[in-house]
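Written below as structure tokens is the structure these notes are about.
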Amino acid sequence: KDYGVEQLHSLTRIDRWFLYKLENICRVHKALQQPHQTLQNLERADLEIAKRMGFSDQHIAGLLSAGASASALPKVSEDEVRARRQQFGLRPFAKRIDTLAGEFPAPTNYLYTTYNAATSDVTFDEHGTMVLGSGVYRIGSSVEFDWCGVSAIRALRQLGHKTIMVNYNPETVSTDFDECDRLYFDELSYERVRDIYEMENAGGVIVSVGGQLPQNIALRLHKNDVKVLGTSPERIDAAEDRHQFSTILDSIGVDQPAWKELVSVADAENFADTVGYPVLIRPSYVLSGAAMNVAYDAESLRSHLQLAASVSPEHPVVVTKFILGARELDIDAVAHNGKLIVHAVSEHIEDAGVHSGDASLILPPANLAPEVMKRVRIIGDKVAKAFEISGPFNMQIILQQDPAGDEPLLKVIECNLRASRSFPFVSKVLDTNFVEAATRAIVGEGVPEARDLMQDGNATWPYTAIKVPQFSWTRLAGADPFLGVEMSSTGEVACFGKTPEEAYLVSLMSTNGFRLPTPGKSVYVGMDDLTDKRIVQKVVKHFDQSGYPILTDSAETAGVLAEAGVDAKVVKLDYANRRTLRDAVSNSNIDLVVNLAKHRPKDNLDTNYGMRRMAVDFGLPLVNDQRCAEMLVDALKALPEGAATAEFGSQKLNIHTPVDVKTWQEYLDMKN
């Protein structure tokens, strides 16, 4: 806005030194936006200054395009700026990060790229294999993907490859100096990855172990002569694009929920009327279910479509039939040249509709018949062959009971041709490093023989492992503690047990914020019209018979519980008044909240939202899924008699103290 340094300094008291630096950047920004400025008349010195100031090729293209629009000239693309820059011989240099503050020479492998240099600090004669990391930790992409990146680097080094890691998160293990031969502490953008690839003359790039960021640039890299190792980026694109993916599934005879690519809102409404609500809106090229929503009516369909189009505007939005009451399976697998090598089938405890990152996973699955396991394997074989997969992939499959009473229906709802966040879990539970197998498949060296770890379900394994989500609701003021198709969890806990019930209880007790209610204190219950009455009655009846007074905020809920012989007292709380709410909770002796409502609230006036948020804000344990509530009750019933006492309620229960063993074989020998 043309404020001067002195004016800004008087307003902000930011040191003038910084303001002068910002003014320099601002000056370049404005010069590139001038109507007379085109890519063709851009001088080498001006472009070099822009690059030294930190302007990306994409940013420069955008600024030149803004000026071109004012002059009715064609827009400028990022690749055109790159070509012009290379025509001038402008390429970044690789410099070492000085870990010794200039006091002594620091011959580290910590590198970064910069235009503010005259020479590089290293020679480029290793021609290593690049592995793209996962970048910042955020909901949907966290340490699980870093484990995958590190495992890939270690596998490559075992095979004798020189390795190059590109990542910019100091919190990761992949950015430790001793994990790779060269570390570029740099952004995971198309421009920077291509710069490093060309500078190093790398042998290839692995894009399938770092989550969604590397996947998003894979096709552009491939089209610009970068050797992407493993599954072809064109096949990755086909799996990411909802329309292409659904068409391929149809062609190979793999079932999926009814779907339609969005053309207009009217078409979407007609489709929803035809298949019946609810429907699921699914944008393409997003991580952790961003902008994915379930619409239960035409009004919510319109608002969700608008959001999906804004989040992923360059890719189609697909509307699919949402199946109520179904279960979901997670398949993590590795293939080589379209042939399945190894796979794991994890079963969700929650009903379908909860994002896989927020779901509780059972491995080996506890409730799948051998015939279902074989059919899942066949689907995996077909998908691996159709997409010509060499490397890791992950699928989500809906398991729906057939109304006609025949064998269950299996419908594929998603497939990602990359490692998933559950790869570390399945690798550790099954004692087989899936990422190591995937890396060998990607480079085509030392590929392991195909084997079926699942065989006949959990009969092969003397233990069960369950992974449960860890949420950060307490850190997110006002956020709704509600499980849906968009991911919310920020971590996970996994534990082993002799039975699924034991593993679930130990895992749940290990999460931060959950404890069992103190005997004699109250359980506060909420539900809505989509909640399964049978489940809520079973859950509440257990607590009632165990001596916990049952409270609810609704006469309707009290009526449902009365059908099961539970005398619930109606206690309405004013969730909006925080001052009186704490006293009311204390006076009512509430020590556990069970809210099993399934409708996502439209605003914070919704009573079920108020109940869930109250639990989080006042540090009360919360159960917010009906299947998890049922599993919790089954686990408590399976405890030895007398275990569910005040001592257990205060978390002093000792379930199978861990034994110091180095391998699972030692553990099994010890048990035998």
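The values are calculated or read from the model by the stated rules, or taken from the named source; none is laboratory data. Treat the numbers as computed from the prediction; the structure is a model and nothing was measured. Here the Cβ positions follow ideal geometry from the backbone for every residue, glycine too, while neighbour counts run over all protein chains shown. The accessibility values were calculated without ligands, DNA or RNA, using every heavy atom of the protein model including side chains. Shrake-Rupley method; radii C 1.70, N 1.55, O 1.52, S 1.80 Å.
From the C-alpha coordinates alone, can you work out the Kirkwood hydrodynamic radius of segment 181-234, in Å?
11.3
For the cross-link pairs LYS321/LYS521; LYS95/LYS223; LYS1/LYS75; LYS382/LYS637; LYS572/LYS602, the ones whose C-alpha atoms lie over 31 Å apart are LYS321/LYS521; LYS382/LYS637.
The alpha carbon gyration tensor of segment 72-143 gives principal lengths a ≥ b ≥ c with a/c of 1.5 or higher and a/b no greater than b/c, which makes the shape oblate.
Among DSSP bridges having both ends in the chain, what percentage is antiparallel? Round to the nearest 5.
Numbers: 52 of 78 bridges.
Of all bridge pairs located within the chain, approximately 65 percent are antiparallel.
Answer rounded, prolate or oblate for segment 341-485, using the Cα gyration tensor with square roots of eigenvalues a ≥ b ≥ c: rounded when a/c is under 1.5, else prolate when a/b is larger than b/c, else oblate. Judged from the Cα gyration tensor, segment 341-485 comes out oblate (a/c at least 1.5, b/c at or above a/b). In a fully extended conformation the segment linking ASP250 and ASP181 would gain 20.4 nm over its present Cα-Cα distance, using 0.36 nm per residue. Annotation: amide H of ILE341 within the under-5 Å range of VAL334, ALA335, HIS336, sequence separation 5 or more or interchain, hydrogens built in the peptide plane.
As a check on your grasp of the helix formula, calculate [θ] at 222 nm for the chain: sum -39500 (n - 2.57) over DSSP H runs of n ≥ 4, divide by the residue count, round to the nearest 500.
Working: 23 runs with 253 residues, N = 672.
Helix-only estimate at 222 nm: -11500 deg cm²/dmol.
Contact order for the chain, expressed relative to its length and based on alpha carbon pairs under 8 Å spaced 6+ residues apart, stands at 9 percent.
Write down, largest first, the equivalent ellipsoid semi-axes of the chain in whole Å, where each equals the square root of 5 times an eigenvalue of the alpha-carbon gyration tensor.
Numbers: eigenvalues 437, 198, 147 Å².
Output for the chain: semi-axes of 47, 31, 27 Å.
Taking 8 Å as the Cα distance limit and 6 or more residues as the minimum spacing, I'd like the relative contact order of segment 1-82 as a percentage. List each step's numbers first, then the result.
Values: 69 pairs, mean separation 22.0, N = 82.
After rounding, I find 27 percent.
Going by the alpha-carbon gyration tensor, a ≥ b ≥ c the square roots of its eigenvalues, is segment 104-159 rounded (a/c under 1.5) or, if a/c is not under 1.5, prolate (a/b greater than b/c) versus oblate?
In terms of gyration-tensor shape, oblate.
In the context of the full set of protein chains, residues of the chain present 45 Å² of accessible surface per residue (probe radius 1.4 Å, heavy atoms only). Quick check: the distance between the Cα centres of segment 127-200 and segment 427-441, to the nearest angstrom? Each part reduced to its Cα centre gives a spacing of 18 Å. Rolling a 1.4 Å probe over the protein heavy atoms of the chain, with every protein chain left in place, gives an accessible area that is 50 percent carbon and sulfur.
With r as the distance between the Cβ atoms of TYR168 and ARG475 and R0 = 25 Å, compute the FRET efficiency 1/(1 + (r/R0)^6) and round to 0.05. Write down the numbers at each step before the final one.
On the way: r = 24 Å, r/R0 = 0.95.
The computed FRET efficiency comes out at 0.60.
Surface listing: TRP461, TRP473 arranged by accessible area from highest to lowest gives TRP461, TRP473, probe 1.4 Å.
Seen against the Cα atoms of the chain and their longest principal axis, helix 265-275 is set at about 30 degrees.
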